[in-house]
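Structure first, commentary second.
The values are calculated or read from the model by the stated rules, or taken from the named source; none is laboratory data. These numbers were taken from a predicted model, which means no experiment stands behind them. Glycine gets a Cβ as well: all are built from the backbone with ideal geometry, and neighbour counts include every protein chain shown.
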There are 2 protein chains.
Amino acid sequence: MRVLAKELKAALGAIKSSDAAGVPDEVLVKGWVHRVRELGGISFVMVRDRSGIAQVVVEGKVDLPLESVVSIPGVVAANDKAPDGVELRASRVDVISRAAPDLPFPVNGDPTKIGLDVILDQRPLSLRNTKIRAIFSVQATIIDAFSSFLRSRGFTEMKTSKLIGSGTEGGTGLFEVDYFDTKVYLAQSPQFYKQTMVATGMERVFEVAPAYRAEKHDTPRHLNEYVSMDVEMAFIDSERDLIALEKELLSSIFEAVSSRNGDELAAWGATVPTPESVAAAPIVAHDEAIAIAAREVEKSGSSAKKAYEISPEVERLVCAWSAREHGGELVFINEFPRRHRPFYTFPIDASRTMSFDAIFRGLEITTGGRRHNEYQALLDVLPKFGLKAEDLTDYLNVFKYGCPPHGGFAIGCERLTQKILGLQNVKEASLFPRDRKRVRP
Amino acid sequence: MRVLAKELKAALGAIKSSDAAGVPDEVLVKGWVHRVRELGGISFVMVRDRSGIAQVVVEGKVDLPLESVVSIPGVVAANDKAPDGVELRASRVDVISRAAPDLPFPVNGDPTKIGLDVILDQRPLSLRNTKIRAIFSVQATIIDAFSSFLRSRGFTEMKTSKLIGSGTEGGTGLFEVDYFDTKVYLAQSPQFYKQTMVATGMERVFEVAPAYRAEKHDTPRHLNEYVSMDVEMAFIDSERDLIALEKELLSSIFEAVSSRNGDELAAWGATVPTPESVAAAPIVAHDEAIAIAAREVEKSGSSAKKAYEISPEVERLVCAWSAREHGGELVFINEFPRRHRPFYTFPIDASRTMSFDAIFRGLEITTGGRRHNEYQALLDVLPKFGLKAEDLTDYLNVFKYGCPPHGGFAIGCERLTQKILGLQNVKEASLFPRDRKRVRP
């Protein structure tokens, strides 16, 4: 019977408490040779499986290149010095798949000592590193917790097309696709589709899917393909309803990561914010955020220039202010100027909109807001953004035939993963990242 | 306080059982004007929200174009003739968003009387039809049940890139993307990535994501963009382990749909297979399936030609045979010839492979199999498929450095949705379907 690494301790307990006298039953450990150490005529083989790492004791020397896949029958025994206080005493070692001995870098080493380019170029091998793979266990929890929370609030999961006839915000930043005899584009977001679904009467929808930005950025915060976690809901009054929802949603995600990914958080020396600190996250208006950033710069005696819009530097400064004043790591900035937001953003007045960003640990992880829901208001606003009603017929039909007040937001899955674990670069939080120069593996 | 349509009955119960005498509290119903009927100086307004349809009684005539969004305060009252035996007696009607009166087709009508082209061309409006929208409530359950079952079995959800440097099975059937100064392709499946993740030590992975086929088919069973529900797992012996897993997985999905989507199933006159019939689904070898189909043709006295491979017609015939002989609607066909399967398929012998298809209600919903996991075996097989090792370096590294026996499968989400509900065309099961001619809405 196969036993996972993390089940060995329970297997030992079961054997100890059983009445059967005599020779204990053999169990089978299967996995990857993670590390081998020889000591006094005995080999300690650390075997990695999906649950963790088991210590296997083999008499004599072994010929096992690292990363070989093995199947090892043996007897479970207590050993205070082994992980979990338990080890497997091997009856024999069966090699299922023998690894070549020329690993291009130390797969079981400290990933911070391997360059990011090597980690990404050698992705099939670097993902074997337990600390690197831990990133994606956390990411899986994030996606599950996001979806579960929203389902519990009456949201329906949807899957929409990623091939669109034109961009939601004009034609810039789009990747073009040859589609039979025509051209289409990779969707930047499911914006129009999530609004459409809300307006059907489904009211509350979410989607977790790839999104594309053909931007030439090459920064630690940008990906050209990322996983967008989108939310949209009907019958809101303003962006404050969305911020309230996102606070609960993030709390629920943090709670799930904390309870399921203790080992992964420990490996990265990371913690998640408390529900109290998330609930207490301040909401500051756009202009106030700029002023706060200016005061922070002044205080620090820095010679940095005054900012006039929300830049990455302003995001960091506002987070630093919030951490000091409110004791948390999350800030919401709302009331962005109309000129900084897409045409579909609902206005407060001539200059401000019902929009917001969420900044977590100094990085924008969310953009959202209430949307226009009046047909005539949309017709009025389109020309100001250089758009034509005849290019947006499908979208406009959503509003022509009755649409409730609504809004939504999107969380960048890789950015949230990055900031939870304290990764230096968002690319580390993408399994197979795509940037301007990287299209493989 | 807003009350959903399906909560009205409970609200009535709460009012009846409360001690508070006198005037009952008002509640608020919000939603879309689904239908209006006038009778003896009274208007019956059916209001649709995300939970269902509420009957609202308004004194006198109303001027409410269908699909307008309304907010109606009123008092809950019993009425045996209303849905759930309960209705709202309106205090007034507030129009939140007034619909134009020129709906291009009857949104609240029987969708089988609206042509498929109208349904798909007018998607933002046709999705307001409760029976059409029901398809996507079922689909959301399928995705949730798929993911939940796999998580409970130790599978980790992953999100992989949909932009790849080359196809997994040669260059045919790929959509080309302009990617900065180079060309990439939309992924046909996460095949290489799921194998990579299994080989890292994660062992068990799944993904729900778009997949692309640039095929010129225009049939009721094809989409050029579909949602692929992918599974891959380590340490299997043969495709029979995968079939056993898929039986449990499908049972779990059917059970979830049955328990959560009773209304939607009823709307389509559909039922799901019992767990017993899924467990009893036969596994027939490829050659035997062909022979069964030939005997079915013979029996029917048809003049149809003998088939030599698994065609849609053979799939239907084998399902008909299975329904009669085994009393179920699911059949697995395994041991496909090597020439019909991709290079990475694990061979049984010179002619057969450890591969399978699942046929549900006459339609292939799954392809899967065990994969090659030996580096040398892959190097040997590539030339026979016209492939070069140097074009597959990243993929081959997965095997060079230790890879366990493994395999997996994919379920077409739209096809499963289609067959559960008995839809005529798979496009009906895609929110915004893409085919050769359709790239909008």
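Report yes if residue B:99 is closer than 30 Å to residue B:427 by Cβ, in contact (Cβ under 8 Å) with a residue 40 or more places away in the chain and small (Gly, Ala, Ser), otherwise no. Yes.
The residues of segment A:333-357 that are of a type outside the set (Lys, Arg) and in contact with a Pro (Cβ under 7 Å, 6 or more places away or on another chain), listed by number, are A:351, A:353. Looking only at residues in segment B:226-235 that are at the interface with chain A (Cβ under 9 Å from one of its Cβ atoms) and crowded, with 24+ Cβ neighbours inside 10 Å, the one that is farthest from residue B:156 (Cα to Cα) is B:227.
If you filter segment A:29-45 down to residues that are among the charged types (D, E, K, R) and more than 18 Å from residue A:73 (Cβ to Cβ), you find that the one that is nearest to the other protein chains (Cβ to nearest Cβ) is A:35. Cβ-Cβ contacts under 7 Å between residues 6 or more apart (or on different chains), taken from a first residue in segment B:181-196 that is more than 7 Å from chain A (Cβ to nearest Cβ) to a second residue that is part of a helix (DSSP H, G or I), are listed as B:192/B:395; B:195/B:398. Condition check: surrounded by fewer than 22 Cβ atoms within 10 Å (Cβ to Cβ) and in the same structural domain as residue B:424 (by TED's automatic domain parsing). Does residue B:362 satisfy that? So residue B:362 fits the description; yes. For segment B:46-69, a tally of residues being more than 9 Å from chain A (Cβ to nearest Cβ) and either part of a strand (DSSP E or B) or of a type in the set (S, T, N, Q) (or both) returns 10.
Scanning segment A:400-414 finds one or more residues that are within 14 Å of the chain's Cα centre (by Cα) and under 18 Å from residue A:132 (Cβ atoms). Residue B:249 fulfils the conditions (1) out of contact with any Ser or Thr (no Cβ under 7 Å at 6 or more places or on another chain); (2) at pLDDT below 95 except for a single criterion, (2).
The rows are residues; the columns are (1) out of contact with any helix residue (DSSP H, G or I) (no Cβ under 9 Å at 6 or more places or on another chain); (2) on the phi > 0 side of the Ramachandran plot; (3) part of a loop (DSSP other than H, G, I, E, B); (4) away from every other protein chain (no Cβ under 14 Å).
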site	(1), (2), (3), (4)
A:378	no, no, no, no
A:392	no, no, no, no
A:396	no, no, no, no
A:404	no, no, yes, no
A:410	no, no, no, yes
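In the condition set (1) closer than 29 Å to residue A:121 by Cβ; (2) without any contact (Cβ under 8 Å) to a residue 12 or more places away in the chain, residue B:391 is compliant with all but (2).
When residues in segment B:51-69 are screened for being closer than 15 Å to residue B:88 by Cα and among the basic types (Lys, Arg), 0 of them pass. Among the residues of segment A:396-416, is any farther than 30 Å from residue B:124 by Cα, crowded, with 16+ Cβ neighbours inside 10 Å and in contact with a Leu (Cβ under 7 Å, 6 or more places away or on another chain)? Yes, because at least one residue in segment A:396-416 is farther than 30 Å from residue B:124 by Cα, crowded, with 16+ Cβ neighbours inside 10 Å and in contact with a Leu (Cβ under 7 Å, 6 or more places away or on another chain). Residue-level check: of (1) surrounded by fewer than 22 Cβ atoms within 10 Å (Cβ to Cβ); (2) over 20 Å from the mean Cα position of the chain (by Cα), residue B:185 misses just (1).
Looking only at segment A:212-231, which residues are part of a strand (DSSP E or B) and more than 27 Å from residue B:50 (Cα to Cα)? Hits for segment A:212-231 are A:212, A:225, A:226. When restricted to residues that are touching a strand residue (DSSP E or B) at 6+ places or on another chain (Cβ under 9 Å) and more than 10 Å from chain A (Cβ to nearest Cβ), segment B:208-222 contains 3. For first residues located in segment B:151-162 and more than 7 Å from chain A (Cβ to nearest Cβ), partners that are of a type in the set (D, E, K, R) and lie 6+ apart or on another chain with Cβ distances below 6 Å form the pairs B:155/B:204.
Would a scan of segment A:136-146 turn up a residue that is modelled with pLDDT of 95 or more, more than 9 Å from chain B (Cβ to nearest Cβ), over 27 Å from residue A:213 (Cβ atoms) and in contact with a strand residue (DSSP E or B) (Cβ under 9 Å, 6 or more places away or on another chain)? Taking every residue of segment A:136-146 in turn, none turns out to be modelled with pLDDT of 95 or more, more than 9 Å from chain B (Cβ to nearest Cβ), over 27 Å from residue A:213 (Cβ atoms) and in contact with a strand residue (DSSP E or B) (Cβ under 9 Å, 6 or more places away or on another chain). Checked against (1) within 19 Å of residue A:289 (Cβ to Cβ); (2) without any contact (Cβ under 8 Å) to a residue 40 or more places away in the chain, residue A:381 passes all but a single condition, namely (1). Restricted to helices (runs of 4 or more DSSP H) entirely inside segment B:232-328, those with at least 3 residues that are without any contact (Cβ under 8 Å) to a residue 24 or more places away in the chain are B:239-260, B:286-299, B:312-326. Restricted to segment A:36-56, and to residues there that are free of Cβ contacts under 8 Å to residues at least 40 places away in the same chain and in contact with a Gly (Cβ under 8 Å, 6 or more places away or on another chain), the residue that is surrounded by the most Cβ atoms within 10 Å (Cβ to Cβ) is A:56. Here is the figure for segment B:380-390: residues that are assigned to a helix (DSSP H, G or I) and either closer than 12 Å to residue A:100 by Cα or basic (Lys, Arg) (or both) total 1.
Being within 14 Å of another protein chain (Cβ to nearest Cβ), within 31 Å of the chain's Cα centre (by Cα) and farther than 30 Å from residue B:70 by Cα is a description that does not apply to residue A:419. Scanning segment B:103-120 for residues that are free of Cβ contacts under 8 Å to residues at least 60 places away in the same chain and more than 9 Å from chain A (Cβ to nearest Cβ) gives B:105, B:106, B:109, B:110, B:111, B:112, B:113, B:114, B:115, B:117, B:118.
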